[in-house]
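The values are calculated or read from the model by the stated rules, or taken from the named source; none is laboratory data. In this text, all values refer to a predicted model and were calculated from it rather than measured experimentally. So basically every Cβ, Gly included, is an ideal-geometry build from the backbone, and we count neighbours across all protein chains shown. Keep in mind that these areas ignore ligands, DNA and RNA; they rest on the heavy atoms of the full protein, side chains included. Shrake-Rupley method; radii C 1.70, N 1.55, O 1.52, S 1.80 Å.
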Amino acid sequence: MNTYLVILISLLMVGLIGKIGELSFDWKRQWKGLSEFAIPFFGPTVYLFIQSTLSKKRFRAEDLFHYIPGVFYCLVVTLYYITASTELIEARIASGELIRVVRILVGLGLTINISYFVLSILRFRSFKEALQRERSYILNVHFVRNLLVAIGACLAVWLVVYIISFGHNAYVEINSRPFIWLAVAFIIMFLAYYQMVSPAVFRFVEAEQEVKYANSKFSHADLDRLKTQLETIMREKEPFLNPKLLKSELAEMMQINAPELSRLLNERIGMSFFEYVNYHRIHKFIALAKSPLIEKKTLLGLAQEAGFHSKSSFNKSFKIVMGCPPSEYLGNS
């Protein structure tokens, strides 16, 4: 199981122990502060979990750097609330000091979680863009996207009730927090369930690392020759009909490496690998649509014959290349 998922489950248990102890045991009031320990560690752990899922990076000692703000947060909660006497806590409540400090701590926890949530989104986008440079199809990363949406929804609700708490109802955020934690608990348990029954959901291939074009030995004449060779391969062998064609596979057919193919596409054709392959698929689709096959297959069927991996990828690529949806284009032709 992913190390960071184990940490998430552990954080969940710490939070639940604090809540259950508060409700079920004769604990002094201060011990419910244990449930606050999980707050500043949730966002960093989600970020590290997503990063390790997308890049296959294992737990490293330097990852503990992300937990430093959480350690200080827990230290403050311990010194200010958990170790304080009941009389002192009651005096702080009466003076309004406690609610002010709680607001500061919650604001700090929210800031940490939202910051790492934003970092998670940026890491996810970077991963998708890196993969797209190597593939001629769109990788299904809906699971990670949906996970981010669910976490974002929880953070949005928490932020709203936190802002509302500055109005007439100062305790609305405190009273709402158990329900937010319940939603977070469902997310974590859902992750753990999928990790056990469908671990393939969490496996992604790291995109190849591009080397500098300056390392390429090809002259301008070489690039012109390779362009002609590439066009011949695309016309005669039609490798784009493979819906999961990789840049490395096309480069191998040309007996060059992937970075050199990138240079060829950028400098001589003006397209990325994804754009170039789908350009040929679009024109293959148009040729099929003008053949007798149009009477036997749907547009999606023809798109799949042309090498498209999905309907969404086909529709998006067609509109980019031809300037209109496929149905409109065929209706006007």
Please find, within the stretch 306-320, the residue that is farthest from Phe240 (Cα to Cα) out of those that are free of Cβ contacts under 8 Å to residues at least 60 places away in the same chain and surrounded by 16 or more Cβ atoms within 10 Å (Cβ to Cβ).
-> Asn315
Looking at Ala183, Ala153, which is the one that is at pLDDT below 90 and farther than 30 Å from Pro243 by Cα?
-> Ala183
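Could you tell me whether the stretch 221-240 includes any residue that is modelled with pLDDT under 80, open to solvent by 60 Å² or more (accessible area, probe 1.4 Å), assigned to a helix (DSSP H, G or I) and farther than 29 Å from Asn315 by Cα? Talk me through it step by step, then tell me what you get.
Initially, the stretch 221-240 is screened for residues modelled with pLDDT under 80, giving none.
Within the stretch 221-240, none of the residues are modelled with pLDDT under 80, open to solvent by 60 Å² or more (accessible area, probe 1.4 Å), assigned to a helix (DSSP H, G or I) and farther than 29 Å from Asn315 by Cα.
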When the stretch 277-290 is examined, which residues are found to be open to solvent by less than 20 Å² (accessible area, probe 1.4 Å) and within 13 Å of Leu241 (Cα to Cα)?
-> Val277, Asn278, Arg281, Ile282, Phe285
Looking only at helices (runs of 4 or more DSSP H) that fall completely inside the stretch 1-114, which ones have 2 or more residues that are open to solvent by 80 Å² or more (accessible area, probe 1.4 Å), of a type in the set (A, V, I, L, M, F, W, C) and modelled with pLDDT of 75 or more?
-> 68-77
Those residues of the stretch 242-258 which are open to solvent by less than 30 Å² (accessible area, probe 1.4 Å) and part of a loop (DSSP other than H, G, I, E, B) amount to Leu245, Ile256
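If you check Ile99, Ile68, Ile114, Ile93, which single one turns out to be touching a Leu at 6+ places or on another chain (Cβ under 9 Å) and on the phi < 0 side of the Ramachandran plot? It would help to see each step written out before you state the result.
Details: Ile99 fails: touching a Leu at 6+ places or on another chain (Cβ under 9 Å); Ile68 fails: touching a Leu at 6+ places or on another chain (Cβ under 9 Å); Ile93 fails: touching a Leu at 6+ places or on another chain (Cβ under 9 Å).
When all the criteria are applied, what remains is Ile114.
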Test: Ser262 is among the small types (Gly, Ala, Ser) and either part of a loop (DSSP other than H, G, I, E, B) or open to solvent by 70 Å² or more (accessible area, probe 1.4 Å) (or both) | no
